[in-house]
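What follows is a set of notes on a single structure, which appears directly below.
Computed from the coordinates by the stated procedures, all read-outs in this text should not be read as laboratory data. It should be emphasised that the depicted structure is a prediction, and the values quoted were computed from it without experimental measurement. Cβ atoms come from the backbone with ideal geometry, glycine included; neighbour counts cover every protein chain shown.
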């Protein structure tokens with residue numbers, strides 16, 4: 001009885017490890033880099049959101065956003081923040 005239980009547990013552990021390794025193998029090791037050298041406006045917010053969606057669909061390791069901006073519209077900034085907070089991958093700014 002105990003032997004069967006240990007055998008079953010060992011098989012389940014091996015299968016779980018196999019699934020975890022397979023999941024890691026499908027994830028990308030790519031970090032996408034975006035460089036923004038302008039004011040934050042609705043066009044920039046849309047671009048960042050679209051690039052973040054694409055990076056999420058590719059399962060990139062992360063999205064790196066390099067900002068060189070004097071500022072911009074509060075509404076556009078809020079859209080970018082919402083996209084970042086909804087991301088499944090890390091966002092580095």
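As a rough footprinting exposure proxy, the listed residues 87, 28 were ranked by other beta carbons within 10 Å of their own, and the order from fewest upward is 28, 87. A simple spin-label model places the labels of residue 73 and residue 28 2.8 nm from each other, with each point 7 Å out along Cα-to-Cβ.
Give me Rg over Rh for segment 28-92, both radii from the alpha carbons and Rh done the Kirkwood way, two decimal places. My calculation of the ratio gives 0.96.
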